[in-house]
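First comes the structure, then the notes that go with it.
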Amino acid sequence: MNKQYVASKSSPAAIGPYSQAVGVQGFLFTSGILPLDVPTGKLVDGGIEVETRTCLENLQAVLEEGDSSLDAVVKTTVYITDMGDFQKMNNIYGEYFGDSVPARATVEVGALAKGAHIEIEAISVIGKR
């Protein structure tokens, strides 16, 4: 089995021993994408809406590096620390996916790395831009 390891310089580097994404058999599996500023690697300020937008911009960069796109995403998992932020997150999420909404699970968690309020992972089809 051939695996393609993805490392985008347009998205923050992994903060541990993992790849930003791995492609295999026509699919790209991303790690959880945090709302980190690309140049500094620090958590962005501004609340759930800014964090959601940053996660999705970082996700888009990883997907593009892996020869995929947001339109090719078939499944996401969204982790948020407060389900009270669901609608705000959902509004921003909808801006990015439009009519090509993938299947999704949203899970409330106790805490996320670097104090983030959201983390998003995705599975997409490779070669569909």
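The values are calculated or read from the model by the stated rules, or taken from the named source; none is laboratory data. Not measured: the values here are computed from a predicted model. Counting neighbours? That spans all protein chains shown, and the Cβs are built from the backbone with ideal geometry, glycine included. For the accessible areas, the whole protein counts, side chains as well, though only heavy atoms, and no ligand, DNA or RNA atoms are used. Shrake-Rupley method; radii C 1.70, N 1.55, O 1.52, S 1.80 Å.
Tabulated results
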quantity: Residues (among the small types (Gly, Ala, Ser) and on the phi < 0 side of the Ramachandran plot) located in the stretch 81-129; calculated: 84, 94, 100, 103, 105, 110, 111, 113, 116, 122, 124
quantity: Residue check, residue 116 of a type in the set (A, V, I, L, M), open to solvent by 40 Å² or more (accessible area, probe 1.4 Å), over 21 Å from residue 3 (Cα atoms) and touching a strand residue (DSSP E or B) at 6+ places or on another chain (Cβ under 9 Å); calculated: no
quantity: Test: residue in the stretch 7-18 that is surrounded by fewer than 12 Cβ atoms within 10 Å (Cβ to Cβ), among the small types (Gly, Ala, Ser) and closer than 23 Å to residue 103 by Cα; calculated: no
quantity: Test: residue in the stretch 56-76 that is at pLDDT 95 or above, under 16 Å from residue 8 (Cα atoms) and β-branched (Val, Ile, Thr); calculated: yes
quantity: Tally, over the stretch 47-65, of residues that are open to solvent by 60 Å² or more (accessible area, probe 1.4 Å) and in contact with a Lys or Arg (Cβ under 9 Å, 6 or more places away or on another chain); calculated: 3
quantity: Residue 37 open to solvent by 60 Å² or more (accessible area, probe 1.4 Å) and without any contact (Cβ under 8 Å) to a residue 40 or more places away in the chain; calculated: no
